[in-house]
1. So which of LEU567, LEU537, LEU518, LEU544 is under 16 Å from MET482 (Cα atoms) and surrounded by fewer than 24 Cβ atoms within 10 Å (Cβ to Cβ)?
2. Answer yes or no: is there a residue in the range 258-265 that is open to solvent by less than 10 Å² (accessible area, probe 1.4 Å), within 24 Å of SER489 (Cα to Cα) and not assigned by TED's automatic domain parsing to the domain that holds PRO555.
3. Inside the range 380-396, can you point out the residues that are in a loop (DSSP other than H, G, I, E, B) and away from ligand 1 (no atom under 14 Å from the Cβ)?
4. Taking the condition of being within 23 Å of VAL551 (Cβ to Cβ), among the aliphatic types (A, V, I, L, M) and open to solvent by 20 Å² or more (accessible area, probe 1.4 Å), how many residues in the range 448-500 meet it?
5. If I go through the range 193-216 residue by residue, how many of them are closer than 30 Å to LEU475 by Cα, out of contact with any Phe, Trp or Tyr (no Cβ under 9 Å at 6 or more places or on another chain) and either polar (S, T, N, Q) or open to solvent by 70 Å² or more (accessible area, probe 1.4 Å) (or both)?
6. Can you tell me which of ALA101, ALA151 is within 28 Å of the chain's Cα centre (by Cα) and in the same structural domain as SER252 (by TED's automatic domain parsing)?
7. Could you list, in sequence order, all residues of the range 415-435 that are open to solvent by 10 Å² or more (accessible area, probe 1.4 Å), at negative phi and more than 8 Å from ligand 1 (Cβ to nearest atom)?
Amino acid sequence: MSADRPRNASLSAANDQSAGTASVSARTGLARYLITRNRAWLVSLSLYAVIAALLVGSGAVHGDVVVTTGVFFILVMAIDLLYGCAGLLSFGHIGFFAIGAYTSAILGHFYQTSLLESVLAGILINGLIALGLGRVFLRLSGSYFMLGTLAFGIMVHAVLVTWYPVTGGDAGLGDLPTIQFGDLSPRTSLAIAIWLVAAALFWLTMNLSESRIGRALRAIRSDEVSAACCGVHVARLRINIFALSACYASVSGALFACYNGAVHPDSFGLSALLDVLLMLFFGGEGTIWGALIGVTLLRVLPDVSGPLQTGKILFSGVLFAIIIYLFPSGVAGTLRDWLRRRTSRGVNLAAPAASTATAAATRAAAIASDTVTHSLRGERVDAPTLRIEGVGQSFGGLRAVDDVSFNLRPASIRSLIGPNGAGKSTLLNLLSGVQPLKEGRILLGTAAIGQLPAEAIARLGIARTFQHERLFAHLSIVANVMVGCERGSDGRARDILACAFALPGTLREEQSVRAQALLWLQRLGLDREAEQPISVLPHGLRKLLEVARAVSAEPTILLLDETAAGLNATEKQQLKILLRQLQASGVSVLLIEHDMDFVMDISDEIVVINFGRRIAEGTPAQVREDPAVLAAYLGT
Ligand code: ADP
Ligand code: MG
């Protein structure tokens, strides 16, 4: 787990029944979990094997098509890992594919290097190029990233055509070495090798997609700032996933070259890129197994039908238009949405939801219950003092925050109030690292944290919510809280590999984090909707879910920006109880709020700012009587 402190000792303790039954249920639980986890992988590959055997056996499809489907599956999977999870659409993967193919071809043609060695050399070269390019391209956002990677793909193609002595120019390179397993023919051996590699990479990618890395990537895709505030190391994770994805493309290219026995620049041009993108969007991005569907259909369909083969480009164009118009989420996405709708109907049918009032009352009772509270917070935390010293921020000529200083004492609730535009949210952005600090100092205990990025501040135990809720739309309700529980991901290669290989430690953590997140949802009365997208929630519950996401990280300091706005009376009461419980367990809370009854009731101290400047500070009683506050803020 990414967090530094031991967490939730009592959570596991709560699950401790008798030792014997616990270990048996843990084993069966893990077995069931592994089956569920690998279901998509097993089902897609088995289905694929059966359909491929039927098609090849009946002579409808040539065996070559099935084999090259494996090659393109790896390439499309690489692009889906990057786009479907992290939201980065790379046009440069055709370049990585080409480099992988040509590395293998050049080494094989000139030095008779074995396939394995060429694959490894391609991975090394592409990995290094991607790490370098990633540092440049991943600073660019959205369409600029696409354009940058497209330029890279075009440049690689130009090099292939013009660097004649090495790449063979327009003629390409031939006479590549192949492989042979025992008595099998080289082509059969290669076909087996290709599908074994494809299946293995599929398994690794599904593991990644289902792990905290997959969640962190989808969190980045939904909202980078919010992901960083949950502790996701956005930049490092993106670069490492970009490099990993480039390595997949490299493997795919090497296998492609070896299976064809030759390479030619035409296989790596813009039309090849269009084919690959079509496969991705037709199959459905974001599911990984959708890549298998897309590649299969688009390789097999033209082969089954003669006319489609001749008019392939026209066919591709028309298909692209149809997909974008009718099935924007592709075959897999449409299937997934349909399954989701079915399960959500199942939830409602199984037990009609209690009336909203009853549900809210149940939630209020749950949140007030000490047993639930103590099963979530294992031990009392020891929050350091947060010191804000002379902090300022200007936007052009506008002085949004002007020389503000105050302390947030351990285990205290301090409200920050002031009229709209006073600079409250800007101050919170500076405290949480969303906005870089240029003036003044912010100290956590004795450590200056003002210059730290958002994810580092989150990892120090400072969690926040946003004035306009920023949940992760690409994650389910429970996964939103899980990102909070695990404090995102540090994005290191070691963590990515541990998740890809589903090491037992990562699986156990996954289960414990899920259990922890479900307890939070139970507390909000949302456990039945846990697997649903956040769009099913009304506004008030989304805001509470955002609080749950922040608090589940077990912060020592919690920053809340107008959380009570939009909550009904019961939900406000829920929030108040939660804040008091957090305070009792040692957490300090800085609260921006407009509801004066709420503020006066819950705060130990209040800071009032107006036009960016601190105009008053004190207990609720002192602030209520302060003439400057009455004049500037309360308007009396
Ligand atoms: P509050 O949260 O107290 O309502 P804010 O901190 O959101 O106020 O904003 C303070 C002032 O700074 C406002 O006038 C706002 O328009 C301005 N402001 C906030 N963020 C930016 C920004 N990123 N760029 C320019 N102006 C900003
Ligand atoms: Mg604000």
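The values are calculated or read from the model by the stated rules, or taken from the named source; none is laboratory data. Note that the coordinates shown come from a computational prediction; the quantities given were computed from them, not determined experimentally. Cβ placement follows ideal geometry from the backbone for every residue including glycine, while neighbour counts extend to all protein chains displayed. Heavy atoms of the whole protein, side chains included, go into the accessibility calculation; ligands, DNA and RNA do not. Shrake-Rupley method; radii C 1.70, N 1.55, O 1.52, S 1.80 Å.
1. LEU518
2. no
3. Within the range 380-396, ARG380, VAL381, ASP382, ALA383, PRO384, THR385 meet the criteria.
4. Going through the range 448-500 one residue at a time, the tally reaches 4.
5. Of the residues in that region, 3 qualify.
6. The conditions single out ALA151.
7. VAL434, the sole residue that qualifies.
So that you can scan it fast, the table gives a plain yes or no per residue for (1) open to solvent by 10 Å² or more (accessible area, probe 1.4 Å); (2) within 22 Å of MET279 (Cα to Cα); (3) not in a helix (DSSP H, G or I):
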residue	(1), (2), (3)
VAL66	yes, yes, no
ILE74	no, yes, no
GLY108	no, no, no
LEU116	yes, no, no
VAL119	yes, no, no
LEU133	yes, no, no
LEU150	yes, yes, no
